[in-house]
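The values are calculated or read from the model by the stated rules, or taken from the named source; none is laboratory data. Because the structure is a prediction, the values reported are computed rather than measured. Counting neighbours? That spans all protein chains shown, and the Cβs are built from the backbone with ideal geometry, glycine included.
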Amino acid sequence: MSANITVKIQNPVTDDLYELPFSAISYTEELNGGKDAQFSFDFMALADIAKAYNTNPLFLLTSSYREIWVEMSGSKIWYGVISDFHLTKDAQGLFQLNVYGLDFFSLFQKRRTNNSTVFTSIDAGQIAWSLINTSQQADLPYSDLGITQGSIPASTTRTIEYNFAEIRQAIIDLSNAKVKNGFDFDIDFTKKFNVYYPYKGTTRSNIILDDKNLLGWAAVKNLLTNITNKVYVVGKGINSDVAYVYVSASSDYRSAFKVLEDAVSDKALDSLTNLTDEANMFLAYNQAPILTLTLKHHGEDPDITTYDLGDIIFVTIPELSLSLASFRVKKRQVQIDENGNILVDVDLQTI
């Protein structure tokens, strides 16, 4: 069954709003990693729409900052800004127009801290919001992306200094993607920055993927060269005067696969607490083989709006001896055709 899908773009300065016919949409969303999208449009149809507004597709899509979103039955399912415009014409005179988008969090890869931004014993969620808010206030009105503070519960205090740091990566590095005792986060469809501590997500006992709704699956369990059970995390300093920690997984992991070492560099850190939390999270992700599943399903079974990144859902795959096994949603790739048919590839990890 197809869904009612629309694509809209808006100039946030003038509030001019356009609904655009599309031939295909694909987007990717990752927990604590941001979102991106690709839109394919019929160039000639778009040219007709632009002409009605006394303009052309290039101006309509690229003349300034443009917000773009996807709605399903009137509710947003992807929201961001236009980041790239690709138009080609082949020897037969056929046009191919692809427009690319990034979510608002991903825009902070183009924002930096100053040369000495210091936080001393400050809650990590508040550090993340301060990085965003300070950036938005730095060059008003041009720096304001319209991101506001959402829910930020107390998490873990951190002491850290940033020097010309990329804000997007700095926030990821405070999150569960990088450190133990971190947090999950997102920027929601109302443009609020939210922190979830200790984790984002809900157990969705009604979401079951099995042979009744699975279109296909892949299972990966990386071994040996992808395992680390002892790790150095190296922070600030030079030569022998450098902050570092050396952390080992429990002897059970070293016994199972012998000693497997690695080193990680994070020159933003000199706090041993921060370095240890990074080491512990690195080991949590790498000290043992982790089963990762990629499952394909139609967008209406289960409905993509009924589960989200971070949620726990259930999987039955007899070939892998899985029976209502619980997995956490880490990433989704969604493809939508011009008729509103939706295919989803969802990446799951064991809890």
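With under 22 Å from residue 334 (Cα atoms) and outside any strand (DSSP E or B) as the only criterion, which of 97, 58, 107 stands out? Talk me through it step by step, then tell me what you get.
Numbers: 97 fails: outside any strand (DSSP E or B); 58 fails: under 22 Å from residue 334 (Cα atoms).
Result: 107 is the single residue among 97, 58, 107 that is under 22 Å from residue 334 (Cα atoms) and outside any strand (DSSP E or B).
Kindly indicate the residue of the range 73-92 that is in contact (Cβ under 8 Å) with a residue 12 or more places away in the chain and β-branched (Val, Ile, Thr) and also surrounded by the most Cβ atoms within 10 Å (Cβ to Cβ) among those meeting that condition.
77
Please state which of the following conditions residue 45 fails to meet, knowing it meets all the rest: (1) part of a strand (DSSP E or B); (2) more than 29 Å from residue 199 (Cα to Cα).
Answer for residue 45: the failing condition is (1).
Identify all residues within the range 290-319 that are surrounded by 16 or more Cβ atoms within 10 Å (Cβ to Cβ) and part of a loop (DSSP other than H, G, I, E, B); write none if there are none.
Across the range 290-319, the qualifying residues are 299, 302, 307, 308, 309, 310, 311.
Consider residue 118 against the criteria (1) of a type in the set (Val, Ile, Thr); (2) exposed (fewer than 12 other Cβ atoms within 10 Å of the Cβ); (3) under 30 Å from residue 182 (Cα atoms); (4) not assigned by TED's automatic domain parsing to the domain that holds residue 191: it satisfies all of them except one. Which criterion is unmet?
All conditions are met except number (4).
Just give me the residues in the range 126-178 being aromatic (Phe, Trp, Tyr), surrounded by fewer than 18 Cβ atoms within 10 Å (Cβ to Cβ) and touching a residue at least 24 places away in the same chain (Cβ under 8 Å), in sequence order.
The one that is aromatic (Phe, Trp, Tyr), surrounded by fewer than 18 Cβ atoms within 10 Å (Cβ to Cβ) and touching a residue at least 24 places away in the same chain (Cβ under 8 Å): 164.
Please work out if residue 296 is of a type in the set (Lys, Arg) and either in contact with a strand residue (DSSP E or B) (Cβ under 6 Å, 6 or more places away or on another chain) or under 30 Å from residue 334 (Cβ atoms) (or both). Walk me through how you get there before you give the answer.
Details: of a type in the set (Lys, Arg): yes; either in contact with a strand residue (DSSP E or B) (Cβ under 6 Å, 6 or more places away or on another chain) or under 30 Å from residue 334 (Cβ atoms) (or both): yes.
The answer is yes for residue 296.
Considering only residues of the range 301-328 that are touching a residue at least 40 places away in the same chain (Cβ under 8 Å) and of a type in the set (Asp, Glu), which is farthest from residue 290 (Cα to Cα)?
301
Where residues in the range 61-71 are in a loop (DSSP other than H, G, I, E, B) and touching a residue at least 24 places away in the same chain (Cβ under 8 Å), which of them is farthest from residue 334 (Cα to Cα)?
64
Please work out which residue is farthest from the chain's Cα centre (by Cα), limiting yourself to the range 252-268 and to residues that are among the small types (Gly, Ala, Ser) and closer than 17 Å to residue 289 by Cβ.
By that ranking, first place goes to 255.
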